[in-house]
1. Enumerate the lysines that residue 437 could reach by cross-link, defined here as Cα to Cα under 17 Å, with residues fewer than 8 away along the same chain left out.
2. Obtain the nm distance between the two label points defined at residue 229 and residue 100 by a simple spin-label model: each point lies 7 Å from its Cα along the Cα-to-C-beta direction.
3. Near the amide H of residue 600, under 5 Å away, which other amide H atoms are found, from residues 5 or more places off or on another chain, if H is placed in the peptide plane?
4. Label the range 301-402 by shape, choosing from rounded, prolate and oblate, from the square roots a ≥ b ≥ c of the eigenvalues of the Cα gyration tensor; if a/c is under 1.5 it is rounded, and otherwise prolate applies when a/b is larger than b/c, oblate when it is not.
5. Please give every one of the lysines within straight-line cross-link reach of residue 399, meaning a C-alpha to C-alpha distance under 24 Å, and leave out same-chain neighbours fewer than 8 residues apart.
6. At a Cα cut-off below 17 Å, give the lysines reachable from residue 493, other chains included and same-chain residues fewer than 8 away excluded.
Amino acid sequence: MLLAAEIWVFGGVALILHYLNPRITLIPFLMYIAALTTILSLQLRIFIPLSETFIVFINSTVVLPVILMSLLLIYITHGSFSARQTILSIIVVSLVTLLWFVLSTTHLALPNPIVVGDLDRINAFVDNFAPLTSFGSFVAFLVDLVVISVLYQWLYNHLSRLPGWFLLGLTLLLALWIDSVIFLFVADLGTDQFFRELPGDLLGKSLATLLLWPLMAFYLIRVAPTLPEYQGALNRPSLDVLTALPSSARAALQRAEAEWRNEEAFSRQITSNISEGLWLAEPGKDSLLYANPAYYKMWNVTPEEVAGNPRFFLDHIHPDDRPLVLARVPSSSDNIESIIEYRVVLSDGSIRWHRDHAFPIRNERGEIIRIGGIKEDITELKEFERHREELARSQDRIKVMREFIGEASHDLKSPLTAINLKIYALLRTDDEEKRRKYLQDLQDLTQRTNRLIDDLFTLARLDNVVDAEIMEINVNEMLAEIKAFLQPIAESKQLDIQLNLTSSQTLIKAEPQDLFRALFNLISNAINYTPPGGQVTVQTQTAKSGVNIDVVDTGIGIPPEDLPNIFGRFFRASNARSIDPSGTGLGLAIVKKVVETYQGQIDVVSTIGQGTRFTIFFPVGS
């Protein structure tokens, strides 16, 4: 019973200290092993004679199993490197203890040694010291320290179908038996003690194994795996304790290798299956270092076809877009990314749109070492955008046409109604004077309706213009022509038309009929709404960016509240309707439409009772 209690107490203390190592570190546990090693190395040959042929040694039966269990615990939980360091530490403690024995016996063998204490006990202790026994114990202990880790790993690797608790007990039992055989072989071979002590020693260590087995198995199977530093025995060679790298280094290498393999496989799967093209190049060079399968697929080629032509991709960029691409690709000194859309000409002659997102790749010093890129084929997207724009334009045309038809039907209905009324009155009168008046009114209404229809057709044509006959037009010459056409009307109203035209060439590109109609409308409006004795001035100026045309009158002006709406269709200022009721309200709408068609701008400034200034600007090349 005392022997069992000692084994459980010593073993339990070892397990508790190991369990607490995350809080108190592993040092108390290792110091405990060192203390047990010292006790074992004292060679106190205390034994229990079970019979004349069976002798149980206390040290090797109680202390040694606990040390071996602790070492196995370190090997399984903390790895081979920690176990090897522990083995070396235990060997050092054993050698120091053995050296102390040798030195002590040497001092006591000197003549008249000075001893403090019971000299008889000391002499008895010295007399019991046997060098051969100490050597045998050291050799057996050294073998045990290595064997228990190697043996457990071998059993785990080759008998993995057996329960873990069984392998642990079997390992401890075989290690203790090997200790008994080696120790007695070295210390007592050739004497009667070898055969007398071996059975008892084997029996004692078997008993110790049976007592320590449950504690060790429960801890290593249920408790140790919950510790944060637990490594286990999986995927470790049998001689791992002798050949392994430090656990941290080995674990780091294993993790790094596993991560590298996983990342490589992951990257390979991604780059092989994504639809976007991935490429890698050196800064300042035309050839590629890497491109994924999707990249070659976008060019309709294989890697083998372009292997001997590093400029293949650059040469197959559309000639019109090649300068843009070369100018936008980042170099070793650029700090920005670039997104370029350009056309490429494939080997079959078809043209595709590509979008390239190029970006610099830097090293730890911030230097650009590579240029990476993501390529997309956006041909279908471009087609979709084109169709969407066409659809939007069509919808705008339909919307404008609906508004146009609604407004036109209203404005056409008024003169047609008036014409019908005049005809009705004409048919029911015999008075010649009234008949002449009705006929004159019908002529005026017909002319107004013709002007309205003509303006409506002009707007409809401008809204749906596709191919116009664009020509280079001298604005000064066209203004002189318009003045000559309107001069009789101006003279009838006693108006003065002044042309202040620049001497520089005033050339713009436009459709002649459209430009003539717009300028004619502006000048005729100025004449219509300027009282007799007033003046209309038309002037031109040139600049690097374009041509300015000003039409200035001294007429009635436009009310401020009407200025935002004067370019609207069928809109007429309140004071204009009283002066010229026959207007269509489409003249300025036509002017604005023509100006915008040729990328121009029109502005107006007006003061009631003083006049109005219209300024048109056409950019160079419009």
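1. Reachable lysines: 422.
2. About 2.6 nm separates the two model spin labels.
3. The list, which skips near neighbours in sequence, is empty: none.
4. Since a/c reaches 1.5 but b/c is at least a/b, the shape of the range 301-402 is classed as oblate.
5. 413, 592, 593
6. 483
Just so you know, all these numbers are worked out from the coordinates, no wet-lab data involved. Since this is a predicted model, take the numbers as computed values, not measurements. Cβ: placed from backbone, ideal geometry, glycine included. Neighbour counts: every protein chain shown.
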